[in-house]
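A short write-up of the structure that comes next.
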Amino acid sequence: MDYLWSFANPKIPDFLWGLSFFVLCFAMALTCIFTKKGRLIKRVLFSILLIEYVTLLLCSTIIMRTQSAGIHYKTELFWSYFAITNGRTELIAENLLNIFVFIPLGLLLSTFECFNRWWIVLIIGLLLSTCIEFSQSIFQRGLGEFDDIFHNTLGAIIGYWIALSLNNLKHKNMQIVKNIWKFISFLCWPQQGKHITKQSQSYKEHDNGN
């Protein structure tokens, strides 16, 4: 997907970058000020980030791109890999960029309960990439190809996997911190340590009973 090089040297006007950044910061500030519940704040902030990401993605790939003459598309699947074997090594970086640019989509979608399934992330990534590729081809804004759809969808799945791994790591680290705190409590405050242990056991029994 040749448009990906526009992320390194984008053709989006400077005022649009500045305006989008200002709106993002302003919306986040208002959200933090007027919302009291932490979960609601996170939900709103991640929604704003998702909208911002999709907007900049569409601007860079379709809206702000220079129109080219004729309709350009590649229907052969994995043609880029055959081209790489024939010496076009620059396509390696382009394929990696196609994956990388959709990783934020998987990360952001994983923060919503309604989208927090791998197959939902796959479908959304597939649909969004397909819309971009067909729009590029129809409106003569670049080269539409199935390889890009594959790499973009793969990037969304990788982003979801990263979020899932980080979430599991966070829970494991929290458990380690709790165990360390219990150990310190036993060493420094034996009575308090016993109380903490009994309280945690009572919570576990209550959860098992339910």
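The values are calculated or read from the model by the stated rules, or taken from the named source; none is laboratory data. The model shown is predicted, which means the values in this text are computed figures rather than measured ones. Heads up, the Cβs are rebuilt from the backbone with ideal geometry, glycines too, and the neighbour counts pull from every protein chain shown.
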Candidates 84, 120, 162, 157 - the one that is buried (at least 19 other Cβ atoms within 10 Å of the Cβ), of a type in the set (A, V, I, L, M) and either in a helix (DSSP H, G or I) or in contact with a Gly (Cβ under 7 Å, 6 or more places away or on another chain) (or both): 157
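Among 99, 92, 132, which is the only one that is closer than 14 Å to residue 157 by Cα, part of a helix (DSSP H, G or I) and modelled with pLDDT of 90 or more?
Exactly one of 99, 92, 132 is closer than 14 Å to residue 157 by Cα, part of a helix (DSSP H, G or I) and modelled with pLDDT of 90 or more, namely 99.
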Could you give every pair whose Cβ atoms fall below 7 Å, whose first residue belongs to the stretch 124-152 and is more than 16 Å from residue 80 (Cβ to Cβ), and whose second residue is charged (D, E, K, R) and crowded, with 18+ Cβ neighbours inside 10 Å, counting only separations of at least 6 or pairs across chains? 135/141; 141/65
Only one of 77, 57 that is over 23 Å from the mean Cα position of the chain (by Cα) and either surrounded by fewer than 16 Cβ atoms within 10 Å (Cβ to Cβ) or not in a loop (DSSP other than H, G, I, E, B) (or both): 77
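Can you say whether residue 167 is within 21 Å of residue 97 (Cα to Cα), of a type outside the set (Phe, Trp, Tyr) and part of a helix (DSSP H, G or I), as far as the supplied structure shows? Don't jump to the end; show me each part of the working.
Details: within 21 Å of residue 97 (Cα to Cα): no; of a type outside the set (Phe, Trp, Tyr): yes; part of a helix (DSSP H, G or I): yes.
In short, no.
Kindly indicate which of 129, 137 is polar (S, T, N, Q) and in contact with a helix residue (DSSP H, G or I) (Cβ under 7 Å, 6 or more places away or on another chain).
Working: 137 fails: in contact with a helix residue (DSSP H, G or I) (Cβ under 7 Å, 6 or more places away or on another chain).
129 is the lone residue from the list that is polar (S, T, N, Q) and in contact with a helix residue (DSSP H, G or I) (Cβ under 7 Å, 6 or more places away or on another chain).
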